Each structure stands twice: as C-alpha cells, then as structure tokens.
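Notes to accompany the following structure.
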Amino acid sequence: MENDSAGTLWAPAEITPAVAGTEASTRGLVEHLGSVPDLAALLTREKALVFRGFGIEPARLDEVMDLLLPNRLAYVHGNSPRTKVGANVYTSTEYPAEYAISMHNEMSYAHQWPARLLFFCETAPHTGGATPVIDGTRWLSCLDPEVREAFRGGVRYTQNLHGGMGLGKSWQSTFETEDRERVEAFLAGSGAGWQWLPDGGLRVTQERPAIVRHPVTGDEVWFNQADQWHPAALGDDTAAALAAIMPAEELPQSVAFADGSPIPDEYVVQVRDRGLANAVDVDWQAGDLLLIDNVLVGHGRRPFTGPRRVLVAMSD
C-alpha cells in the first residue's frame, strides 16, 4: 500500500499458505510461485514481498531462489562484512548484534547494483533483529528540502582496502580474488578511480548519484549510502576516536559531495535517523523469506539477542 494522506506507512505484501491457497511447505511455495504469471510485475507493484508460514528448509532453499532470483550475483565490491555460505549466498551481515544497521539500498555506491534482494531466516533471534524496510519515495520526501537539494549533484565515495591486515575489509575479500589485474579490470569497467598504496592496500574512488528514478515506475527515490560512509553517523565517541588515529582520507570508507566538498554532519545524521524512524519492521520466524526491489526499498537491521542467522542472495 502507498502512503496516504493520513500518513499510513507502506508495508510489504505478506503471502502465507492461506493467501496462496497452498500447503505450508517448500513444495507449496514452489507451486505457488510457478503459478504467478509475472513475478517481476508483482514485485514492482508491491515493492517487497514476505513469504511467511511455509517453513522453508535450508536444504531446499535453492529451489525457491531459482524462481525468485533468476540470475544470482556474487557480492563483488560489497562493503559489508559477510561470509559466503553457498552458491552466491551469504550471511546478511556480521555486524555486532547490539548495534542497529541504518537504512540503505544494497551497493548503491557501486556502478551496478542488484535489482532484487532475497533474505532467508534460517535461525530467528531470541529478541529484536527485525529487518526494517522503507519506501524510497517516503525516505526522500521526509528529508528537509535543503538536504535533498544538496545531494542532487551526487556523492563521491572513497574506500581504503587493506592488503591483508588492517582496519576494515581487504581488497582480496572485497573483490573475491587475489589477482590485481582482475581487480583493475573490474574497476576500469565501473568508471571508478583507484590507486595501489605502498603498504599493499588499494584506494578506490567513485562518483555516484544520490537520488535516482526507478527504471520501470519512474519513482524518484533516495538511493545512496552517504550516512553509512560518513564518520558522523557512527556516533560522536566513535567518530572522535577515529579522527584521533587517522585523517578522514585514510578511513576504511568516507564520503563527500561529488565536487569534493564535505557533507555536513547534521545532514547525514538526519538521513540516518529519519530513515530508521520511517521504516516498517519485518520480524523474523525461521523459514521466512523477504524479497525486495533494491531500488524502491531500503533495508537495515535492528539490534538483537540470540543466534540470529539470516542469509541473503541477490540478482540483477
């Protein structure tokens, strides 16, 4: 549903065995998906779909993913800490459980981003751990006009990837290769700038849009990760600690406006806080699936306790 004049929040469409008219099993979901005439159109219209109550078993996840993600992609050039657990299937994040992860569109800093994301709950947390999702049009509209206009010229992302030891991710894990030539070929094709550093690390710079239009609907949406790349969004204490040990240009990741001018701290804090405040939580039960249009919908993670394990895969 769309936001209405009373301020009702959009939420993902929930599909259960009762809604689908099928049995509560992996086979039931596979049969239902096979009967959907145009899954792409359904996802575009609803923006996100929750499949709940089918009790999907991890061993049969591939059957479902083959239908929902026709061309699974590797997480190459991803900046989130993840572990690969299958054929282009990853842990959703390994960020500490006690922290929230702010809203974002997956790999919006890259030259190519996945069109769809699929999350699968293998183990539900004891408490918390919801995946909040936000309608990108609402996220854009809830920001102050001054902030929206400031970002229309785009942003410049900088990554400092170490060569095997250091703060943040290595270039080897980021690009899933030990071959420098393969990395350079990938970056050349992406329009990014790069520099090999004397310590064996790699600095990557990319200029990207901050606001985009969906290729099918034409909706204008907030689409960048400036708040996640900006030290101010880490909190005053963490930002101060980082500033004390290294200059901004040496941080694992940083961001500026596309012309190189600094982004004010208060802008990224507003983006972070209003994104989370306007999100709708998807609470997890083991066996649940969440499919999202990665341009129309941003996602994050609430803090949690217990052994939460949510896997993610993506496709173009």
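Worth pointing out:
- Scanning the stretch 223-245 for residues that are at pLDDT 90 or above, out of contact with any Phe, Trp or Tyr (no Cβ under 6 Å at 6 or more places or on another chain) and not in a helix (DSSP H, G or I) returns Phe223, Asn224, His230.
- Pair list, Cβ < 8 Å and 6+ apart or interchain, from the stretch 166-178 residues that are under 17 Å from Pro198 (Cα atoms) and not assigned by TED's automatic domain parsing to the domain that holds Leu251 to residues that are surrounded by 15 or more Cβ atoms within 10 Å (Cβ to Cβ) and of a type in the set (A, V, I, L, M, F, W, C): none
- Residues of the stretch 257-303 satisfying the condition of being within 30 Å of Leu29 (Cα to Cα), surrounded by fewer than 19 Cβ atoms within 10 Å (Cβ to Cβ) and hydrophobic (A, V, I, L, M, F, W, C): Val280, Ala286
- For the stretch 21-43, taking the residues that are surrounded by 13 or more Cβ atoms within 10 Å (Cβ to Cβ) and acidic (Asp, Glu), the one that is nearest to Ile292 (Cα to Cα) is identified as Glu31.
- Boolean, Leu117 is part of a loop (DSSP other than H, G, I, E, B) and either touching an Asp or Glu at 6+ places or on another chain (Cβ under 8 Å) or touching a residue at least 60 places away in the same chain (Cβ under 8 Å) (or both): no
- When Asn105 is tested against (1) at pLDDT 90 or above; (2) more than 16 Å from the chain's Cα centre (by Cα), exactly one condition is not met: (2).
- Positions within the stretch 251-304 being assigned to a strand (DSSP E or B) and of a type in the set (A, V, I, L, M, F, W, C), in sequence order: Val255, Ala256, Phe257, Val280, Val282, Leu289, Leu290, Leu291, Ile292, Val297, Phe304
- Failed condition for Thr174, given (1) of a type in the set (Val, Ile, Thr); (2) under 25 Å from Ala11 (Cα atoms); (3) in a helix (DSSP H, G or I): (2)
- Residue in the stretch 167-189 that is within 22 Å of Gly218 (Cβ to Cβ), surrounded by 16 or more Cβ atoms within 10 Å (Cβ to Cβ), within 24 Å of the chain's Cα centre (by Cα) and of a type in the set (D, E, K, R) present: no
- Condition check for Leu67: modelled with pLDDT of 95 or more, under 25 Å from Pro215 (Cβ atoms) and in a helix (DSSP H, G or I): no
- Scan of the stretch 190-222 for residues that are among the charged types (D, E, K, R) and touching a Phe, Trp or Tyr at 6+ places or on another chain (Cβ under 7 Å), ordered by number: Arg203, Arg208
The values are calculated or read from the model by the stated rules, or taken from the named source; none is laboratory data. Everything numeric in this text was worked out from a predicted model, so none of it was measured. Backbone-built Cβ (ideal geometry, glycine too); neighbour counts: all protein chains shown.
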